[in-house]
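Structure first, commentary second.
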Amino acid sequence: MTPMLNAFILVAIVLLSIFFLYLRLGRRLPERDEGTSVYTLEAMTAFVKEALHELTSSNLTDFGLSEEEYRRRKNKRAELKKALRGCISGDLRDKAYVKEIITDLLAQRYELDDAHLHLLMPFHQPEYLSAQDKFDILLHMYKKKARFYALDRLVQAYELDRQRLDEDGQLETYRMTEEDIRRIYAQEAPCLTTDDKLQLVVQRIYQHYKGFSVVDELRDMHVDGISGGVSGLPPLMWEGEWSLEEAVELQSLPRSHDSVWLFYKGKFIHLSFLSFGSERELRRVCQIIYKHNFPGQLSEANGFKINDMADGSRVVVLRPRFSESWAFFVRKLGVPSGLPEELIQGDGAELAIGLIRYLVSGARITAITGAQGSGKTSLLMKMVRYIPAVLPIRVMEMSFELQLRKIYPERNIVSMRETETISGQQGLDIQKKTDGSVNILGEVATDPVAAWMVQMAQVASLFTLFTHHAKTFRDLVLSLRNSLLKAGVFTNERVAEQQVVSVVNFDIHLHRDLFGRRYIERITECIPLPQETAYPENFRGKKTKDERLEAFMETVLEYFRRSTDRPLYTARNIVEFRDGRYVAVHPLSEQSRREIAAYLSGPDQAVFDAFLATHWGEET
């Protein structure tokens, strides 16, 4: 082969390499003179997706890097991949990092001055902004001042959590409407800088690429929870063949993807101005929001998932065919401190707080009952404050909701939870071998866990705290009794109920009214009644057959009386919430007073006696 031919081949290879490199870069980088067609959120989102794909999947060896540069880029890529995985799990640091990367990519490829940003969202023409645009702007401006309390400040400033009246003058559900948002925006008249506009655009791109759509920023706020897909027509009602009249009627009704609900201070508020836009977008959010720590696949065969997120929030996801539409529920359970006074408020609150303190420090087995959203978990978090610091605590829950080590980092606490391969019963069995003194059950929700709770409270711990959904104390006893029977621990109803009564000392019942107010409705003491063991034997001393038969029938009658309607316990309300005030009702039983005082030191015993004398007027 001649030198001329070699030179020609070399030049051809170089030219082809330059040509292919030009084509590759041409696909990646939008030209600045393509006009306004590239200045749309859809085009920018597509560009960001492709650019991030190139950053995370391209072969670094093709760039001819030095060893140091190769290592540096490899570490950056690993960091980016980790952030892209973590941002969909609720990790706010990963989310901020991914948004910074998106900002850098856009700044390198686009002119991001005011004129071009106005092509993406008409910031300069408020009349053309949608209700969602205005809400995002308001939330962004409040977030600059209040960070994750931004939504709380906005709701409080304009009383957006009040009930509305319908056309008939009747109270309807809590609702934030499009008219509310437009009115507030007109009053606030926010003045946006170029950086504010850029951050809003980046957030809009992020939430449709890696985020949780219209609820992405709401999920980060300090609220009780957020849910989607829980109202409106499910797909099975608006898909398929319909008559013209029916199709027109269905078109005017909201659909499941138009559903966003906020759980705020015990109130469920419908954000009617927000929508996921399509069932596909709602499905995308449901398919990624539960993925923290890889809990398994959501499928038709397994139509629900319960998991926690990186910030400790609990998430439940449902999908068809198990549910009629895609839906998710996020509960924010983090608390800033462990002070019970933050939760128990109102006249006489010191009575309820003081009694709870002595129940916990006095090692009483206590149930916290109430409906969903009534504050059981929050109260249980705060009650741990009163457990003596020398006692190791072991926690068993369905998902890591209590976060006790975050609130009490200096305490000896280990939390465990059920998994697909480890049942609650196995977890409680393991707890008995971990040197625990106090056992806490996040929720007694299954029969095996209820059965093990009763047994554990009897022999495996100093005392136990647990939550339950019972409405009354009688319901609590019957539910635990039935769980013992179903689990096969007992076969006799009366014996099973007697075991429950001997275990559960007190019940703290919480209530949430229609206005979202949460309070302790009652604190009930369970007092087991003494049971006679000997039966009358008068028939033995009778001489005649008729006398012996009559006396024996009395013995049989006593047997059936004890086996049927003889009560095993008395439930007495120690504290009740009446007319907006906590009041002392019945005094503690003598046995409870002695047992609580036995766990208190000398000075604390005196304070306990003074507390009882102050509220019940009794000296011990």
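Of these, Glu497, Glu493, Glu525, which one is closer than 17 Å to Pro567 by Cβ, acidic (Asp, Glu) and in contact with a Ser or Thr (Cβ under 7 Å, 6 or more places away or on another chain)?
Answer to the check: Glu525.
Just name the residue that is nearest to the chain's Cα centre (by Cα) out of those in the stretch 565-582 that are without any contact (Cβ under 8 Å) to a residue 40 or more places away in the chain and not in a strand (DSSP E or B).
So, considering only residues that are without any contact (Cβ under 8 Å) to a residue 40 or more places away in the chain and not in a strand (DSSP E or B), the one nearest to the chain's Cα centre (by Cα) is Asp579.
Taking interchain pairs and intrachain pairs at least six residues apart, which have beta carbon atoms under 6 angstrom, with the first residue in the stretch 110-128 and assigned to a helix (DSSP H, G or I) and the second aliphatic (A, V, I, L, M) and surrounded by 15 or more Cβ atoms within 10 Å (Cβ to Cβ)?
From the stretch 110-128, the pairs are Leu120/Val201.
If you go through the stretch 403-413, how many residues are more than 20 Å from the chain's Cα centre (by Cα) and within 21 Å of Met309 (Cβ to Cβ)?
Qualifying residue count, the stretch 403-413: 2.
Kindly evaluate Tyr142 against the criterion of being in contact (Cβ under 8 Å) with a residue 12 or more places away in the chain and either under 30 Å from Ala83 (Cα atoms) or not in a helix (DSSP H, G or I) (or both).
For Tyr142, the condition - in contact (Cβ under 8 Å) with a residue 12 or more places away in the chain and either under 30 Å from Ala83 (Cα atoms) or not in a helix (DSSP H, G or I) (or both) - is met.
Of all residues being under 15 Å from Arg417 (Cβ atoms) and at pLDDT below 90 in the stretch 295-308, which is nearest to the chain's Cα centre (by Cα)? Just the residue, please.
Asp308
Take the conditions in contact (Cβ under 8 Å) with a residue 12 or more places away in the chain and farther than 20 Å from Met383 by Cα and apply them to Gln426. Does it pass?
no
Can you find, within the stretch 425-440, the residue that is surrounded by the fewest Cβ atoms within 10 Å (Cβ to Cβ) among those that are in contact with a Pro (Cβ under 7 Å, 6 or more places away or on another chain) and assigned to a loop (DSSP other than H, G, I, E, B)?
Once the filter is applied, the top-ranked residue is Asp435.
Of these, Met383, Met398, Met456, which one is surrounded by fewer than 20 Cβ atoms within 10 Å (Cβ to Cβ), of a type in the set (A, V, I, L, M, F, W, C) and under 25 Å from His509 (Cα atoms)?
The match here is Met398.
Okay, residues lined up against (1) touching a Lys or Arg at 6+ places or on another chain (Cβ under 6 Å); (2) more than 30 Å from Leu514 (Cα to Cα); (3) small (Gly, Ala, Ser):
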{"position": "Leu65", "(1), (2), (3)": "no, yes, no"}
{"position": "Lys74", "(1), (2), (3)": "no, yes, no"}
{"position": "Lys81", "(1), (2), (3)": "no, yes, no"}
{"position": "Met121", "(1), (2), (3)": "no, yes, no"}
{"position": "His140", "(1), (2), (3)": "no, yes, no"}
{"position": "Ala146", "(1), (2), (3)": "yes, no, yes"}
{"position": "Tyr149", "(1), (2), (3)": "no, no, no"}
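Only one of Ala327, Ala310 is closer than 16 Å to Met221 by Cα, in contact (Cβ under 8 Å) with a residue 60 or more places away in the chain and either surrounded by fewer than 17 Cβ atoms within 10 Å (Cβ to Cβ) or among the hydrophobic types (A, V, I, L, M, F, W, C) (or both); which?
Sole residue among the options that is closer than 16 Å to Met221 by Cα, in contact (Cβ under 8 Å) with a residue 60 or more places away in the chain and either surrounded by fewer than 17 Cβ atoms within 10 Å (Cβ to Cβ) or among the hydrophobic types (A, V, I, L, M, F, W, C) (or both): Ala310.
Take the residues in the stretch 60-77 that are polar (S, T, N, Q) and in a helix (DSSP H, G or I), then tell me which one is surrounded by the fewest Cβ atoms within 10 Å (Cβ to Cβ).
The residue in question is Thr61.
In the set Asp104, Asp133, which member is under 21 Å from Thr45 (Cβ atoms), loosely packed, with under 13 Cβ neighbours inside 10 Å and out of contact with any Phe, Trp or Tyr (no Cβ under 6 Å at 6 or more places or on another chain)?
When all the criteria are applied, what remains is Asp104.
Return the residues of the stretch 191-233 that are free of Cβ contacts under 8 Å to residues at least 60 places away in the same chain and under 19 Å from Asp311 (Cα atoms); say none if nothing qualifies.
Matches in the stretch 191-233: Gln207, Asp216.
Search the stretch 289-307 for residues being surrounded by fewer than 17 Cβ atoms within 10 Å (Cβ to Cβ) and among the hydrophobic types (A, V, I, L, M, F, W, C), and hand back the single one that is nearest to Leu84 (Cα to Cα).
Phe294
Of the residues that make up the stretch 260-268, is at least one over 18 Å from Leu402 (Cα atoms) and more than 18 Å from the chain's Cα centre (by Cα)?
No, the conditions are met nowhere in the stretch 260-268.
Quick one: Leu80 ticks every box in (1) closer than 20 Å to Gly211 by Cβ; (2) loosely packed, with under 15 Cβ neighbours inside 10 Å bar one, so which box is it?
Tallying (1) closer than 20 Å to Gly211 by Cβ; (2) loosely packed, with under 15 Cβ neighbours inside 10 Å, Leu80 fails exactly one: (2).
Restricting attention to the stretch 475-512, and to residues there that are among the charged types (D, E, K, R) and touching a residue at least 60 places away in the same chain (Cβ under 8 Å), which single residue is farthest from Gln455 (Cα to Cα)?
Arg512
Here's a check for you: in the stretch 566-620, which residue that is on the phi > 0 side of the Ramachandran plot and not acidic (Asp, Glu) is modelled with the highest pLDDT?
Restricting to residues being on the phi > 0 side of the Ramachandran plot and not acidic (Asp, Glu), the top hit is Gly580.
With the condition kept exactly as written, say whether any residue in the stretch 441-448 is of a type in the set (Gly, Ala, Ser), part of a loop (DSSP other than H, G, I, E, B) and in contact (Cβ under 8 Å) with a residue 40 or more places away in the chain.
yes
Could you list, in sequence order, all residues of the stretch 596-610 that are over 19 Å from Leu391 (Cα atoms) and of a type in the set (A, V, I, L, M, F, W, C)?
Ala606, Val607, Phe608, Ala610
For the stretch 456-486, give me the residue count where each residue is among the charged types (D, E, K, R) and over 22 Å from Ala371 (Cβ atoms).
1
Could you identify the single residue in Val495, Val504, Val477 that is at pLDDT 90 or above, farther than 25 Å from Arg417 by Cβ and of a type in the set (Val, Ile, Thr)?
Val477
Just for the stretch 366-380: of the residues that are surrounded by 23 or more Cβ atoms within 10 Å (Cβ to Cβ) and among the hydrophobic types (A, V, I, L, M, F, W, C), which one is nearest to Ile596 (Cα to Cα)?
Going through the qualifying residues, I end up with Ala367.
Only residues that are polar (S, T, N, Q) and under 27 Å from Asp429 (Cβ atoms): list them for the stretch 368-416, please.
Within the stretch 368-416, Thr369, Thr377, Ser399, Gln403, Asn412, Ser415 qualify.
Tell me, which residue of the stretch 402-424 that is crowded, with 17+ Cβ neighbours inside 10 Å and part of a loop (DSSP other than H, G, I, E, B) is modelled with the highest pLDDT?
Tyr408
Return yes when Val607 is within 24 Å of Pro530 (Cβ to Cβ), without any contact (Cβ under 8 Å) to a residue 40 or more places away in the chain and hydrophobic (A, V, I, L, M, F, W, C) and no when it is not.
It is false that Val607 is within 24 Å of Pro530 (Cβ to Cβ), without any contact (Cβ under 8 Å) to a residue 40 or more places away in the chain and hydrophobic (A, V, I, L, M, F, W, C).
Identify all residues within the stretch 453-491 that are polar (S, T, N, Q) and either closer than 24 Å to Tyr599 by Cβ or in a strand (DSSP E or B) (or both); write none if there are none.
Hits for the stretch 453-491 are Gln455, Gln458, Ser461, Thr464, Thr467.
The values are calculated or read from the model by the stated rules, or taken from the named source; none is laboratory data. Small disclaimer: the values here were computed from a predicted structure and weren't measured. Using ideal geometry, Cβ is built from the backbone for each residue, glycine included, and neighbour counts are taken over all protein chains shown.
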